[in-house]
Every structure is written in C-alpha cells, then in structure tokens.
Amino acid sequence: MVRGLHMRLAQYEVSFGHWAFLRILWEEDGLTQKELSVEAGVMTPTTFTAVSAMEKLGYVERRQSPDNKKNSYVYLTPKGRGLKKKLVPLAEDVNEISVRGLKESEIKIARKVLLTIIENMARDEAESDDPARRIPSTREFGNLIASRGEHYENG
C-alpha cells in the first residue's frame, strides 16, 4: 500500500514522507513543529527537515506568534491546501485496490487486528521506563552507525 501510494504521490512531486505531515495539517493547520512531530509519530529533527523541504516547495510556511517567539508554527499555503483535492483521492484509490476480493466482514476483522496491534505497541512504548527502548533521534542514530563503521574499519 505504501508503494502504491508513493507511486501515485510522485505524479504530483509529493514524497511519501510529506504525505503524513500534509494530512495532519489539512485537519489542524497551525501546529508547532513539536506538535506536528508528536502527531506524525516522528522525531523533531525529521519534522524540521520535512517542513524545510515543504517550505521550499511552497506547501507550508512557518510563522511565529507575536506572543511567543520561541515556537515556530507551521501553516499550509494555498498550494499546500490545494493538494488535498488531488492527493486524498489517490489514497482512497489505493485503499480500494488493497481490499479487492475481500468481504466487508474480513476487512473489519483485519482493521480490528491491525488497530489492536498498533494500540498494544504504542501502550508498550508509552509505559516503558527503559531508556534502552527509547527511539534515538535521526542524528543520534547516524552517529551510532558512523561510530560502528569506524570501529569495524579500525578493528
């Protein structure tokens, strides 16, 4: 399904990574980058990179509140808002294709199973006090990979 949507989004020069952020902003425009990160379930550096790219493409703009200069709020531009009419039908098309040949009862069971798995894993992560089970930031992950590479080259 991801691949099918990715192929369709490419027609409009929208990356799959931007799709999640656009969907969130179509529902609630004007979130902080931190709020956008939480909603998308990604680390803040990932959101910063995506928002920067979407800003260059003209899909979003960042604004600061006159009351709070610390936070940067992300707003859709008319171009970004206009993508909804083009992109949502593509996702609906992928969804329809993905369930061809299945009965409605089978689709309901599959959705229930997948949602339960997602909820269980989210609860497990939220309830964990073990820092080793924390997801590292993109930068931390890159440094970890780089240090392991140096270790293998020198050892």
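The values are calculated or read from the model by the stated rules, or taken from the named source; none is laboratory data. In this text the structure is predicted, and so the values were computed from the model without any measurement. Glycine gets a Cβ as well: all are built from the backbone with ideal geometry, and neighbour counts include every protein chain shown.
Residues in region 1-39 that are surrounded by fewer than 17 Cβ atoms within 10 Å (Cβ to Cβ), closer than 16 Å to P78 by Cα, in contact (Cβ under 8 Å) with a residue 40 or more places away in the chain and not aromatic (F, W, Y): D29, G30.
Just one of the numbered conditions (1) under 18 Å from K79 (Cβ atoms); (2) assigned to a helix (DSSP H, G or I) is not true of R62: (2). Here E39 meets the list (1) at pLDDT 95 or above; (2) within 15 Å of the chain's Cα centre (by Cα) almost entirely, failing just condition (1).
Here G80, G58 are screened, and the one residue that is of a type in the set (G, A, S) and surrounded by 13 or more Cβ atoms within 10 Å (Cβ to Cβ) is G80. Just wondering, is there one or more residues in region 70-89 that are under 19 Å from K34 (Cβ atoms), of a type in the set (V, I, T) and not assigned by TED's automatic domain parsing to the domain that holds R8? Within region 70-89, none of the residues are under 19 Å from K34 (Cβ atoms), of a type in the set (V, I, T) and not assigned by TED's automatic domain parsing to the domain that holds R8. Of the residues V51, V42, V74, V94, the single one that is assigned to a loop (DSSP other than H, G, I, E, B) and surrounded by 17 or more Cβ atoms within 10 Å (Cβ to Cβ) is V42. Those residues that are touching a strand residue (DSSP E or B) at 6+ places or on another chain (Cβ under 9 Å) and within 26 Å of P89 (Cα to Cα), I need them from region 19-34; list them, please. Within region 19-34, F21, L22, I24, L25, W26, D29, G30, L31 meet the criteria.
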